[in-house]
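Beneath this line is the structure, given in structure tokens, with notes to follow.
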Amino acid sequence: MGTSLQGKVAVITGGGEGIGLASAKQMVDEGASVFIVGRRQTILDAAVTEIGGDVVALQADVSKAADLDRIYEAVRVAKGKVDILVANAGVQTREALGSITEEGIDYQLGINFKGVIYTVQQALPLLNDGASIILLSSATALKGLPTRTVYSATKAAIRSFARTWASELKARRIRVNAISPGPILTPLLNATLVDEKAKEAYMANIVGAVPLGRPGGPEEMGKIVAFLASDASSYINGADIQADGGFAQV
């Protein structure tokens, strides 16, 4: 167990699986007290068991400001502060231009756009001066991929949030950075690969374009999140960390 995050309090949305779960594990291992937030209680309960240590699960829908107010009040009562905030919750509906639905737009904007704003905005009174905010964007914010019109646009917006909020919060020395993962084998990704042919096509067309020749793992992203949360990254602010194996870089 490391001590680089000893005494820190972290809140991670979408913390029950994938990159959020991996980030929570890494932070607990490094000494942080972690609150994981998600919509599905069964997923959260399983995550708490898997993580072990100083972790608490809180059920909420990040697209609802009132839910986040309730979450942060629980954190305030338990710990009195937030040092690390990871806005990781995200959803994806794959719809090609010509068949984009209002339902798909509202669903993705609610979680990926509005939800990120609420996650950070509602936390402001509880965030310590000098805190670290980490936003999960995506390589799709840079690289145009079919059927991802709305998803990619929401992730590009998140990159913009990091720039704007780094400027707005400078008086409080709060750092705001984004991470843009490439193809990462998460439950969210696996849910979109509905059959074996879809998976084979994804591995050939998407993963095949990664210079490292493989998809990334959630644990690799969790280590980057923990790094941005720590004092080791104290002079990194307003940045976008391209953790994509070179996918959108070459």
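Read-outs throughout are calculated quantities, based only on the coordinates presented, and are distinct from any laboratory measurement. Worth saying up front: this structure is predicted, and the values here are computed from it rather than measured. With ideal geometry, Cβ positions are generated from the backbone for all residues, glycine too; neighbour counts draw on all protein chains shown.
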### Task
Place a +1 charge on the Cβ of each Lys and Arg in the chain and a -1 charge on the Cβ of each Asp and Glu, then give the dipole magnitude about the Cα centre in debye, rounded to the nearest 20.
580
### Summary
Taking max minus min of the Cα coordinates of the chain on each principal axis, largest first, gives extents in Å of 48, 38, 37
### Task
Treat each spin label as a single point 7 Å out from the Cα along the C-beta direction, and report the Asp54 to Val250 distance in nm.
4.2
### Message
Report the gain in length on full extension from Gln121 to Asp231: 0.36 nm times residue separation, minus Cα-Cα distance, nm rounded to one decimal.
### Response
37.3 nm
#### Entry: Helix 218-229 vs. the chain, principal-axis angle (Cα, 0 to 90°, nearest 10)
40
### Value of relative contact order over the chain, rounded to a whole percent, pairs C-alpha under 8 Å and six or more apart
20
### Query
How large is the helix-only mean residue ellipticity at 222 nm for the chain, computed as the sum of -39500 (n - 2.57) over DSSP H runs with n ≥ 4, divided by its residue count, in deg cm²/dmol to the nearest 500?
-12000 deg cm²/dmol
### Query
Taking the Cα-to-Cβ direction at Glu219 and at Val194 and moving 7 Å from each Cα, how far apart do the two end points lie in nm?
3.3
### Task
Based on a Kirkwood Rh over C-alpha pairs, give the Stokes-Einstein translational diffusion coefficient of the stretch 12-55 at 25 °C and viscosity 0.890 mPa s in µm²/s.
250
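How many percent of all Cα-Cα pairs in the stretch 187-229 sit more than 15 Å apart?
Counting pairs separated by more than 15 Å, the tail of P(r) holds 55 percent.
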## Note on the structure
To the nearest 10 degrees, the tilt of helix 149-168 (Cα long axis) against the first principal axis of the alpha carbons of the chain is 30
### Task
Pop out the Kirkwood hydrodynamic radius of the stretch 1-122 from its pairwise C-alpha distances, inverse of mean 1/r, in Å to one decimal.
14.8
### Query
Which of the peptides 155-165, 32-42 is most tightly packed, and how do the rest follow, going by the mean number of other Cβ atoms within 10 Å of each residue?
32-42, 155-165
